[in-house]
Structure formats: structure tokens, C-alpha cells
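Asker: There's a structure below that I have some questions on.
The values are calculated or read from the model by the stated rules, or taken from the named source; none is laboratory data. For clarity, every value in this text was computed on a predicted model and none was experimentally measured. Cβ placement follows ideal geometry from the backbone for every residue including glycine, while neighbour counts extend to all protein chains displayed. The area values use the complete protein model at the heavy-atom level, side chains included, leaving out ligands, DNA and RNA. Shrake-Rupley method; radii C 1.70, N 1.55, O 1.52, S 1.80 Å.
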Amino acid sequence: MGNFALTLRACGRLTEAEKMGREVLALRREILGERHPDTVLAMGNLATIIYDLGQLEDAEKMEREVLALRREILGPRHPTTVLSMASLAITLKDNGQLEEAENMMQEVVTLQREILGPRHRDTVSAQKELSLIRRQRKQSIRSTRKRL
């Protein structure tokens, strides 16, 4: 069912994907428990679908929960935990929370350099995203100053 929800998402059928994702998450919570890695994976997948639907506040809340669980279960330096941080940072950026997004993405870049190395595709991707966040933040600061 989880894979089907992701397939629906990939096909752009986001409302159906969300419904299926919620069903998968409910079943995994019931059968496996809240802290099982497959339950946390289902929650992360649902957060992605909710993000795609443009429900950024709900996506952020769920991504924060996923990150907290992954830190607790996998540890703060696990690559999957770090990817969860990157996802949350992007959601924060898109929701206009640029300072927090920048700080979190800087932490992601630092961890990925240490864990994966400076040339790993996830490290390079995070560096690019950090640059975009910084550019957007500078533009926002300039825009605010002009209005004053």
C-alpha cells in the first residue's frame, strides 16, 4: 500500500495518494507501533505528499515529528536522519522561515561532509540548497530594508 501511495504521488494523483498514505500510516501505527522504522518511513512519505499538496504547515509539523523519531531511533548522525533534516529545512524555506531553514541546512551540510564526504551527491545537493536558501534570505532582507 505504501508503494502504491508513492506511485499515486508520482502520477500527480495527490489527493488519492494522501488518503492512501494516511491509511498506511494508521495501519503501521496499529500493527508495528509508533517507533518502528517502517511507521516512521510511512510518516515521512505522507509528509512529502502533504508538502506536494501545498499544506506546508502540516508538512512541517509531520516532518518535525519524523526528525525527532529518527534522531531518537537511528541517532543524530544516521544518513536517514540527516536527510529528514534536509527535507524539513526545504519545507521551512518554502514556508518563509528562512533563518531556521538556513541554520538547519548548514547543519545538514556539515554532517553530510563528515558522514558521506564532500563529493557525495547528497552533500553536493545540500550545499546547493543551502546556497539557494541564503540567496532567498538575502533577497528577503533587502526587500524588508527597502520597505522601511
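Asker: Of all the C-alpha pairs in the chain, what % are more than 21 Å from each other?
Answerer: Cα-Cα pairs in the chain separated by more than 21 Å: 50 percent.
Asker: Moving on to the next point. Of the trypsin sites (Lys or Arg not before Pro) in segment 54-129, which ones lie in a loop per DSSP and count no more than 12 other C-beta atoms within 10 Å?
Answerer: Here the trypsin sites (Lys or Arg not before Pro) that fit, given the DSSP loop and packing criteria, are R77, R119.
Asker: For the chain, what does the helix formula give at 222 nm: sum of -39500 (n - 2.57) over DSSP H segments with n ≥ 4, over the residue count, nearest 500 deg cm²/dmol?
Answerer: One gets -28000 deg cm²/dmol as the mean residue ellipticity at 222 nm.
Asker: Right, next: Enter the accessible area of D122 (Å², nearest 10), with the probe set to 1.4 Å and all protein chains included.
Answerer: 40
Asker: Hey, can you list the DSSP H helices of the chain whose Cα span along the axis is 24 Å or longer and whose average Kyte-Doolittle score is at least -1.0?
Answerer: 14-32, 56-73, 98-115
Asker: Once each part is reduced to its C-alpha centroid, what is the distance from segment 16-31 to segment 88-148 in angstrom?
Answerer: Each part's Cα centre sits 31 Å from the other's.
Asker: Given a 1.4 angstrom probe, I'd like the percentage of the accessible area of the chain that is carbon and sulfur, rounded to a whole number.
Answerer: 50
Asker: Taking the Cβ of T7 as the center, what net charge do the other residues with Cβ under 15 Å away carry, scoring Lys and Arg +1 and Asp and Glu -1?
Answerer: Charge balance in the 15 Å sphere: -1.
Asker: Rolling a 1.4 Å sphere over the protein heavy atoms, what is the accessible area per residue of the chain, to the nearest Å²?
Answerer: For the chain, the per-residue accessible area is 59 Å².
Asker: Give me the net charge of L98's neighbourhood, meaning all other residues with Cβ under 9 Å from the Cβ of L98; Lys, Arg count +1, Asp, Glu -1.
Answerer: Working: positive: K93, R134, R137; negative: E99, E100, E102.
Cβ neighbours under 9 Å give a net charge of 0.
Asker: With a cut-off of 8 Å between alpha carbons and a minimum separation of six or more residues, what is the relative contact order of segment 1-135 in percent?
Answerer: 15
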